[in-house]
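What follows is one structure encoded as structure tokens, with my remarks underneath.
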Amino acid sequence: MTRIALFGATGFIGAACAAALAGAGHEVLPRPARRLWVDGEALTPAPQRAYRPHLAGLAAELDGVGAVVNAAGVAMSAARLSPGLVGGNAAWPRLLADACEQTGVPRLVHVSTAAVQGRSARLDESLRYAPVTPYARSKTLGEQLLRDAAAGGRVEVTLYRPPSVHGPGRRMTSAFAAFCQRWPLVTCGDGNQPVPVALIGNIGAAVAAILAADSAPLVVSHPYEGHTVRTLYETFAPGRPLRTLPTRVVRGLLRAAEPSGQWLPPLSALCRRAELLLFGQGQEPGWLEARGFRLPLGQPAWDEVAAAVHRRSPPGDRPAHGAGGSPLRHADGHTSDNH
Ligand SMILES: NC(=O)c1ccc[n+]([C@@H]2O[C@H](COP(=O)([O-])OP(=O)(O)OC[C@H]3O[C@@H](n4cnc5c(N)ncnc54)[C@H](OP(=O)(O)O)[C@@H]3O)[C@@H](O)[C@H]2O)c1
């Protein structure tokens with residue numbers, strides 16, 4: 001049993017981590033994350049000035065703790081680059097690593113995202129980055145700052161990378177389900193391309209598995225959950241036909257949208273999500289699979305999530321086109337992580 005300070009326990013992923021870690025017999029201490037604002041114009045790794053004033057207080061909070069899990073951050077894939085985004089996703093985790101080092105906490109598991117490799121042909125556990133959106137760039141900077149902190153050798157850092165996470169009650173999940181019910185289901189190719197997505201219960205289990213090991217590598221990917229474009233659509237809209245679009249035309253359209261996406265983050269996030277559903281993205285087997293970790297939840301749990309979404313949103317109540325029918329947009333105009 002380890003005393004684990006958990007930051008972001010009030011959030012979607014943090015709550016799942018709290019449940020899984022408590023279930024594994026750990027003492028979980030929920031702690032509030034500091035809100036930092038860092039001028040991220042150039043996204044350069046120099047945020048220390050913003051967090052120095054918080055360091056002593058945070059370090060004191062970690063006294064007697066055996067490990068820290070950071071599930072706190074700004075999970076908005078369509079966010080513009082802002083001091084709050086850089087503060088939450090880059091400066092905050094680095095502050096936490098420095099506080100761990102100062103107090104002598106030996107391990108820090110940071111919830112990063114597969115979005116840091118957004119445009120890579122295949123996801124892997126390397127430090128090769130290909131972020132598409134400002135959100136993904138802020139998470140990439142967070143990883144780089146933690147990598148530098150880990151190089152000091154006094155705190156073992158693990159950057160855990162989940163893809164888009166689904167779960168009951170999650171707006172991204174209900175928006176995706178509504179999209180699958182209402183819009184023509186399209187893909188490029190035969191629809192059997194792998195899609196990296198995760199169930200919330202499996203995220204908690206993966207974090208618990210990382211902490212169950214005596215030591216873990218710097219980067220750990222969430223294991224592939226086995227979904228293809230076709231199976232994901234079938235989960236949320238069983239029986240609906242899948243139509244194939246011409247790959248070259250689609251690639252041309254997405255490329256044409258790229259310059260506008262540079263200054264319009266919601267557009268680049270939307271295009272990135274479209275790319276994932278149209279082309280899929282493969283993944284190299286990683287450290288968790290090599291250790292024999294098995295995801296506790298499989299297709300029956302995905303079916304339950306889809307059924308729960310449909311129960312909550314009977315056909316007559318489902319959002320009309322443009323009012324939540326996109327898999328990306330939430331009612332508040334924000335989006336969850338997608339890469
Ligand atoms: N949801 C996904 O699909 C997904 C996928 C991959 C990675 N992630 C990553 O996982 C982490 C958690 O995501 P989530 O979906 O659980 O988000 P969430 O539900 O919004 O929870 C995030 C938590 O972070 C804390 N927080 C809020 N604003 C913050 C800020 N400006 N600076 C620092 N902390 C702040 C809050 O906890 P307190 O009030 O308790 O401090 C909040 O409950 C994020 O870093 C995100 O990038 C999410």
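We did not get these values from a lab; they are worked out from the coordinates using the rules stated. Remember, it's a predicted structure, so these values are computed and weren't measured experimentally. With ideal geometry, Cβ positions are generated from the backbone for all residues, glycine too; neighbour counts draw on all protein chains shown.
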Computed FRET value (nearest 0.05) for Asp303 with Glu258, which takes r as the C-beta separation and R₀ as 35 Å: 0.45
Helix-only CD estimate at 222 nm, as mean residue ellipticity for the chain, using -39500 (n - 2.57) per DSSP H run (n ≥ 4): -13000 deg cm²/dmol
Shape category assigned to the chain from the gyration tensor of Cα positions, a/c cut at 1.5: prolate
Bridge type composition, the chain - antiparallel percent by DSSP, nearest 5: 5 percent
0 to 90° range, to nearest 10: angle between helix 12-23 axis and the chain longest Cα axis: 60 degrees
Highest to lowest packing among 290-300, 108-118, scored as the average C-beta count within 10 Å: 108-118, 290-300
Amide H within-cut-off set for Val186, under 5 Å, with H built and near neighbours excluded: Arg243
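Starting from the exponent 0.38 and prefactor 2.2 Å, build the expected Rg for segment 40-191 from its residue count and divide its actual Cα Rg by it.
In units of the 2.2 N^0.38 Å rule of thumb, it is 1.18.
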Rounded to 10°, Cα long-axis angle of helix 48-61 versus longest principal axis of the chain: 70 degrees
